[in-house]
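Here is the structure we will look at.
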Amino acid sequence: MDYQYPMDLDWSTEEIVDVIKFFEAVEKAYESKIEKEAFMKAYRRFKEIVPGKADEKRYTDEFESASKYSAYLVVKKAKTLADGDWIKMK
């Protein structure tokens, strides 16, 4: 990983850690696999910190530009899966 996670300097340390956990969950979906519930928990917390659609798109687009991993596609796939399923991209 040769990139930085997008973040807002106005966030608390806890919020920064939780946003990083969300982006790590996206990475895990691409690099191995992640349980749907674990991913959705990280996504829901991310949405508490970044509630606006425009801000969500800005941060996830910035992450995708740096990492080539699409948070949008992982969220979209997660929403189609049943509880207990695993998310594996590619």
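Derivation of every value follows stated rules applied to the coordinates shown; laboratory data play no part. Worth saying up front: this structure is predicted, and the values here are computed from it rather than measured. Positions of Cβ are backbone-derived with ideal geometry, glycine not excepted, and every protein chain shown enters the neighbour counts.
What is the number of the single condition among (1) more than 10 Å from the chain's Cα centre (by Cα); (2) in a helix (DSSP H, G or I); (3) farther than 17 Å from TYR3 by Cβ that ILE16 does not meet?
With (1) more than 10 Å from the chain's Cα centre (by Cα); (2) in a helix (DSSP H, G or I); (3) farther than 17 Å from TYR3 by Cβ applied to ILE16, the lone miss is (3).
Select from region 17-35 the residues that are among the hydrophobic types (A, V, I, L, M, F, W, C) and either loosely packed, with under 15 Cβ neighbours inside 10 Å or out of contact with any helix residue (DSSP H, G or I) (no Cβ under 8 Å at 6 or more places or on another chain) (or both) and list them in ascending order.
Of everything in region 17-35, those that are among the hydrophobic types (A, V, I, L, M, F, W, C) and either loosely packed, with under 15 Cβ neighbours inside 10 Å or out of contact with any helix residue (DSSP H, G or I) (no Cβ under 8 Å at 6 or more places or on another chain) (or both) turn out to be VAL17, ILE20.
Which number in (1) without any contact (Cβ under 8 Å) to a residue 60 or more places away in the chain; (2) surrounded by 19 or more Cβ atoms within 10 Å (Cβ to Cβ); (3) within 10 Å of the chain's Cα centre (by Cα) marks the one condition that LYS47 misses?
(2)
So ALA38 passes all but one of these: (1) loosely packed, with under 13 Cβ neighbours inside 10 Å; (2) hydrophobic (A, V, I, L, M, F, W, C); (3) not in a loop (DSSP other than H, G, I, E, B). Which condition number does it fail?
(1)
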